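Worksheet for the structure shown next.
The values are calculated or read from the model by the stated rules, or taken from the named source; none is laboratory data. Treat the numbers as computed from the prediction; the structure is a model and nothing was measured. Because the Cβ atoms are built from the backbone with ideal geometry, glycine has one as well, and the counts that use them run over all protein chains shown.
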Amino acid sequence: MPPSSEPDAPGTPGLRTLGDFLLQESLRNSVRLLILISLGINRALSFSELLELTNTSKGSLSHHLEQLAAADLVRSRMVFTLGGPRVRVEITTKGLATYEELSRVLARLAAGRDGRAPSTGPAAGLSRG
């Protein structure tokens, strides 16, 4: 599902778009989101590095990578090193565009915070601290 073109409610810059990102089947899971963000930052990581980063089992990580690959967000390939064959996971062009858009949405949300509690909406009247 592409991000919504509908405007966000006043005081909620980017929330609708963030919600749209998180409703995409391929990104509905925190592990897949972590993988996408990690590959967006690093462009490529080994399967072993992703195992350590996500703290999941090999089977679970393989499943999440299959979901991301089916959405054309990542690709995996075997590379041969002096230590033997390794699986290298890389972000695709579509995955990088998705990561960059997600980064922009999060930056817009962060920039919209001015330290004050919202005057309207579900969080009205709540304060930090």
Test set (1) at pLDDT 95 or above; (2) farther than 27 Å from Arg16 by Cα - Tyr99 fails condition number = (2)
Could you tell me which residue of the stretch 33-59 is surrounded by the most Cβ atoms within 10 Å (Cβ to Cβ), considering only residues that are β-branched (Val, Ile, Thr) and in a helix (DSSP H, G or I)?
-> Ile35
Restricted to the stretch 64-82, and to residues that are assigned to a strand (DSSP E or B) and of a type in the set (A, V, I, L, M, F, W, C), which residue is nearest to Thr54 (Cα to Cα)?
-> Val74
